[in-house]
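Inspection log for the structure reproduced underneath, given as structure tokens.
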Amino acid sequence: MSTAVTAHAEQLEAAAKAAGLTLTAAEAGTDFAGVPTTRTTVALAADLSKTHLLELSEGFDSSDPKFADEIKTFFGELALRLRNPDPNFYLTLLGLPLSFGQFAWPFHGSTSGADTYIVHGEVHLATGEDAALHAKVSAALTQTFAEVVSALEQPFAEGFIFNAVRKTLDQGQLELVKSGNRQPVPVTTRYYSLKRKEFIFNDTDEAARKKYLQGKVYWLSGVLGAGMPVWVADPRDAQYLNTTAEELKKNVAALASEGLIELSEGGAWAAVTDKLRGLSGQYETEVQEALTFIKPSFNEDMRGGHTNM
């Protein structure tokens, strides 16, 4: 790793190595505002083809003890997520399989004068077919929310930003289009409990979690993953569903008992079965219904000339 980039990079390298990862390359970059950054490719040591881009502020001091636990957790989870067929694939509660990419870390100050911090990225519909439908997003972190985050850097924010994007889609406040401008994703303290010091996105019960996990295995293993197992005990999903990784393992065990998935590694990983593949029509319909839900109805009214302006 270049010595001209992130301060105390040896701490990052040590933390990555301990998690079974390697920092295979580094280069100087700039963020949206032109401020110097460090771009580092993080790879799974056991399979260097599995990678994730890590971008940090040039002067970020990873040796500060207050960051140690969260950096360790970030790399530990990333090492498992990189074992997925594709670590960039996620599912929403609406049933939309997505690919996350082109997030320009770290946060930068709003150029519009608002008291917010911004990160840009893209999500694409990932059904294994036409990937043209996507949303360019601009996730805006309020000043108040920023104060509860350890640092405005990727390892400390990637998870809740991705979950905020998913939540905004679930609410029908993002549209997947073939072309278009950036769409806002407001990230406020409504997503965080100051009392419990934890993130809050979706209240789910056992039935909702089972439906989510079944869909995740169908899409991420069956359609997009060539039948390979996916990590179903991902803490990022647990945060999104307001539950725990252990509870997800219990939920997915019930699906296995129904013959819908095949478990491995103590129930933390699951692969599609022929029985689940047989529900393809159900999932294709679910995607179409979700796309209809998130499409603003006023657009069609305006295209038809029905407006009171």
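The values are calculated or read from the model by the stated rules, or taken from the named source; none is laboratory data. Here the structure is a predicted model, which means the values were calculated and not measured. Note: ideal-geometry Cβ built from the backbone for every residue, glycine included; neighbour counts use all protein chains shown.
At-a-glance table
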{"quantity": "Failed item in (1) loosely packed, with under 15 Cβ neighbours inside 10 Å; (2) farther than 16 Å from Ala164 by Cα, with Gly101 passing the rest", "calculated": "(2)"}
{"quantity": "Single match in Leu174, Leu141, Leu152 (criterion: more than 28 Å from Pro85 (Cα to Cα), of a type in the set (A, V, I, L, M, F, W, C), within 17 Å of the chain's Cα centre (by Cα) and assigned to a loop (DSSP other than H, G, I, E, B))", "calculated": "Leu152"}
{"quantity": "The one condition in (1) surrounded by fewer than 17 Cβ atoms within 10 Å (Cβ to Cβ); (2) within 25 Å of the chain's Cα centre (by Cα); (3) modelled with pLDDT under 90; (4) not hydrophobic (A, V, I, L, M, F, W, C) that Ser62 fails to fulfil", "calculated": "(1)"}
{"quantity": "The one condition in (1) surrounded by fewer than 22 Cβ atoms within 10 Å (Cβ to Cβ); (2) in a strand (DSSP E or B); (3) at pLDDT 95 or above that Tyr90 fails to fulfil", "calculated": "(1)"}
{"quantity": "Any chance Ser57 is surrounded by 16 or more Cβ atoms within 10 Å (Cβ to Cβ), in contact with a helix residue (DSSP H, G or I) (Cβ under 7 Å, 6 or more places away or on another chain) and at pLDDT below 95", "calculated": "no"}
{"quantity": "Contacts under 8 angstrom Cβ, first residue in the stretch 249-264 being assigned by TED's automatic domain parsing to the domain that holds Asp234 and hydroxyl-bearing (Ser, Thr, Tyr), partner part of a strand (DSSP E or B) and at pLDDT 95 or above, 6 or more apart", "calculated": "Ser264/Ala270; Ser264/Ala271"}
